[in-house]
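Below: the structure, in structure tokens.
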Amino acid sequence: MISLRIFIPSLFLALPTRVNSQAFTASLIPVDQECRPGHATLAITGTTPNETVTVEWSTGEQQSRQLDGLNEGDYSVKVTVKKGDSVIVSRDTLIGFHIGKKECPVSISNFFSPNSDGYNDVLNVGRVEYYPNFEFQVFNKWGQKVHGQRKNFTPWDGTWNGLALPDGTYYYIFIYDASDPHNLTKGDITIMR
């Protein structure tokens, strides 16, 4: 029985990983977690019809060539190829990989035009759904708070106490989690009616 085990350190996994074991090749492409859980895709080539291929992921999933829903962490996949009904020739490969976690920043436009023309009338915050405990505040040039929201986002129409704010530049703070006010992003928004 010929057995080949290879563990590839996560250092090299930003690129696709390819492992050759005699006649077959196993290639793995991991995709990091960014806003959504990561995933990994496995491709196996070079096997013949009389060979049986088994796949076993470290999560317990078997026979699947793609593994979804991966959070940050270390994983592995074992590929075994057997020839015929007997175990006379067997080859296996173990590939280790890492799923990283990338930042998932919100996206806030730097201008909007609340003039009821049906185009860009409200300010939206992209990816806010990933931050259920957010806090969003907007201030005028004198530092007065003119808008604020927490937990449930509603597109902002450029009003303060029911009155339309004048054209100009306003400043925002978006806190990703209200319990950690140091994790934030800030910038400016221009209202152009």
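Among the numbered conditions (1) at pLDDT 95 or above; (2) under 27 Å from residue 104 (Cα atoms), the only one that residue 61 does not meet is (2). Here residue 115 does not qualify as assigned to a loop (DSSP other than H, G, I, E, B), exposed (fewer than 14 other Cβ atoms within 10 Å of the Cβ) and not acidic (Asp, Glu). Here residue 185 clears all of (1) in a strand (DSSP E or B); (2) farther than 17 Å from residue 108 by Cβ except the condition numbered (2).
Scanning the stretch 137-168 for residues that are among the β-branched types (Val, Ile, Thr) and exposed (fewer than 13 other Cβ atoms within 10 Å of the Cβ) yields a count of 2.
The values are calculated or read from the model by the stated rules, or taken from the named source; none is laboratory data. Treat the numbers as computed from the prediction; the structure is a model and nothing was measured. All Cβ positions, glycine included, derive from the backbone under ideal geometry; neighbour counts span all protein chains shown.
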